[in-house]
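All remarks here apply to the structure that follows.
The values are calculated or read from the model by the stated rules, or taken from the named source; none is laboratory data. Here the structure is a predicted model, which is why all the values come from computation and not from measurement. Reconstructed Cβ throughout: ideal geometry from the backbone, glycine too, with neighbour counts over all protein chains shown. These accessible areas exclude ligands, DNA and RNA; they are computed on the full protein's heavy atoms, side chains included. Shrake-Rupley method; radii C 1.70, N 1.55, O 1.52, S 1.80 Å.
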Amino acid sequence: MSAVLLEGTLRSRLEHVWGTVVSIDVRDAGTTDAIVDAAWESVRAELHRIDAVFSTFKSDSVISRLRTGGTHVIADDVADVIDRCLEARLATGGSFDPWQVDGGFDPSGLVKGWAADRCAAILAQHGLRSFTVDAAGDLVCRGSAGAGHAGWPIGIAHPDDPQAVAAVVEIRDGAIATSGTSQRGEHVTDPRTGTPARGARQATVVGPDGALADAYATALVVSGVSGARWFTALPGWSAYVIEGDTATAWGPAFDDTARSQES
Amino acid sequence: MKRALIVGTGTVAGVAAVLALNPAGASTASAGLRSGATNRPAAAAGTSGSTSTSSGATTATGSTVDVGYGLVQVQATLQGGRIVDIQALALPQNDGHSARISQQAFPMLVQQAIAAQSSQIAGISGASYTSSGFAESLKAALLSVGHAA
């Protein structure tokens with residue numbers, strides 16, 4: 001049914017950045033185009049600022065200069081990203097480790113989700129309460145999609161079938177991120193061995209923080225279902241891991257929906 | 001081909017937004033939808049945006065989006081307020097790689113877009129392989145269709 005998509009007021013904006021597209025979907029009933037436009041301008045500026053700071057493809061970015069070594073004075077946001085990287089490396093037992101990357105420290109596996117959180121914070125500062133930020137498949141959700149929804153019903157891409165979703169999860173205030181290996185060669189490297197990840201074909205993580213969701217999804221592709229060891233110790237986090245032809249779900253987000261589904 | 005699937009995972013949400021703008025939804029959807037791409041000189045927007053009707057169907061043509069290695073432009077056919085077909089008016093063919101991605105991904109994106117009409121989802125989370133940016137640009141094109149609708 002498309003009806004769900006027609007409820008309330010929907011305003012979308014999108015921006016080409018980082019070689020991909022970031023979009024927002026605002027459903028606040030009482031807002032106006034002018035408010036959304038103003039918020040969106042701030043978001044766009046932040047997206048391009050983040051690109052200038054964190055791009056590993058730009059030789060003059062802060063991250064590129066960090067990778068060349070030496071001592072650097074870094075801004076608070078770079079320090080924040082490094083803190084998240086440390087937290088994720090610790091929490092995942094090293095399955096996520098941006099320091100074990102060819103060419104030096106590379107936080108790219110976390111920055112997209114981190115940026116989505118930043119964008120969500122900007123939209124909230126402009127008074128918006130019900131929206132998603134979609135950073136190329138990593139989403140941060142606030143409020144709900146409209147009347148009749150507790151949150152935002154988000155599909156998890158099916159790794160084999162473009163016409164299906166593997167599961168649907170309702171997210172109110174939180175983030176969802178998905179990583180995978182099977183689609184375009186070996187995308188994820190096991191930082192502990194330097195070889196292609198052999199854990200899960202696809203891993204989706206739901207939780208309170210976009211940066212960590214991004215990192216944990218990548219780490220679960222490395223760990224596979226044996227990642228339960230570290231993942232299930234994280235309070236407030238849920239995951240949907242597809243290994244072989246079996247989907248395994250952990251955590252409260254999937255209590256009702258996905259636990260018994262197979263991919 | 002499985003590998004083309006994830007390339008398109010970002011698209012359905014954009015299609016969902018488009019659906020909210022279709023004529024049948026006009027009574028309930030108060031939508032303001034625009035592509036940020038139109039603000040950029042690099043993205044050649046505005047070659048279209050027109051809609052036309054013939055035999056009960058509405059055709060909405062998206063703006064042309066420059067994805068850096070070619071142009072993307074799509075045209076959606078709506079009937080009874082639903083997307084029934086999406087045609088590519090332009091796809092990147094600059095080199096063999098681009099052409100191959102175009103050939104593999106586009107039919108799947110069309111299927112996904114049409115399937116999204118029957119789903120209750122407001123977005124899709126998927127592993128994204130952003131080096132091409134191809135599917136995400138199609139999302140922009142589809143959003144621009146919505147803008148025109």
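Name the residues in region A:66-95 that are open to solvent by less than 10 Å² (accessible area, probe 1.4 Å) and touching a Gly at 6+ places or on another chain (Cβ under 7 Å), would you? Within region A:66-95, A:95 is the sole residue that qualifies. If the condition is being more than 14 Å from chain B (Cβ to nearest Cβ) and either of a type in the set (D, E, K, R) or surrounded by fewer than 24 Cβ atoms within 10 Å (Cβ to Cβ) (or both), then region A:108-131 contributes A:117, A:118, A:121, A:122, A:124, A:125, A:126, A:127, A:129. Listed residues A:167, A:213, A:203; which is over 15 Å from the mean Cα position of the chain (by Cα) and either modelled with pLDDT of 85 or more or within 11 Å of another protein chain (Cβ to nearest Cβ) (or both)? Just a single option satisfies the conditions, and that option is A:167.
Across region B:65-82, the number of residues qualifying as open to solvent by less than 30 Å² (accessible area, probe 1.4 Å) and either at pLDDT below 70 or in contact with a Pro (Cβ under 8 Å, 6 or more places away or on another chain) (or both) comes to 6.
Among the residues of region A:137-161, the one identified as away from every other protein chain (no Cβ under 11 Å) and not in a loop (DSSP other than H, G, I, E, B) is A:142. For region A:208-243, the set of residues classified as surrounded by fewer than 22 Cβ atoms within 10 Å (Cβ to Cβ) and either touching a Cys at 6+ places or on another chain (Cβ under 9 Å) or closer than 18 Å to residue A:180 by Cβ (or both) consists of A:224, A:225, A:226, A:243, listed by residue number.
Among the conditions (1) open to solvent by less than 20 Å² (accessible area, probe 1.4 Å); (2) aliphatic (A, V, I, L, M); (3) at pLDDT 80 or above; (4) within 29 Å of residue A:145 (Cβ to Cβ), residue A:14 misses just one, which is (3).
Rundown of residues vs (1) closer than 23 Å to residue A:16 by Cβ; (2) of a type outside the set (Phe, Trp, Tyr); (3) touching a Phe, Trp or Tyr at 6+ places or on another chain (Cβ under 8 Å), yes/no style:
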| residue | (1), (2), (3) |
| --- | --- |
| A:87 | no, yes, no |
| A:90 | no, yes, no |
| A:94 | no, yes, no |
| A:97 | no, yes, no |
| A:105 | no, no, yes |
| A:111 | yes, yes, yes |
| A:114 | yes, no, no |
| A:132 | yes, yes, yes |
| A:153 | no, yes, no |
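The requirement of being within 12 Å of another protein chain (Cβ to nearest Cβ), touching a residue at least 60 places away in the same chain (Cβ under 8 Å), acidic (Asp, Glu) and assigned to a loop (DSSP other than H, G, I, E, B) is not satisfied by residue A:134. Determine whether residue A:93 is part of a loop (DSSP other than H, G, I, E, B) and within 20 Å of residue A:188 (Cα to Cα). Here the answer is yes, as residue A:93 does meet what is asked.
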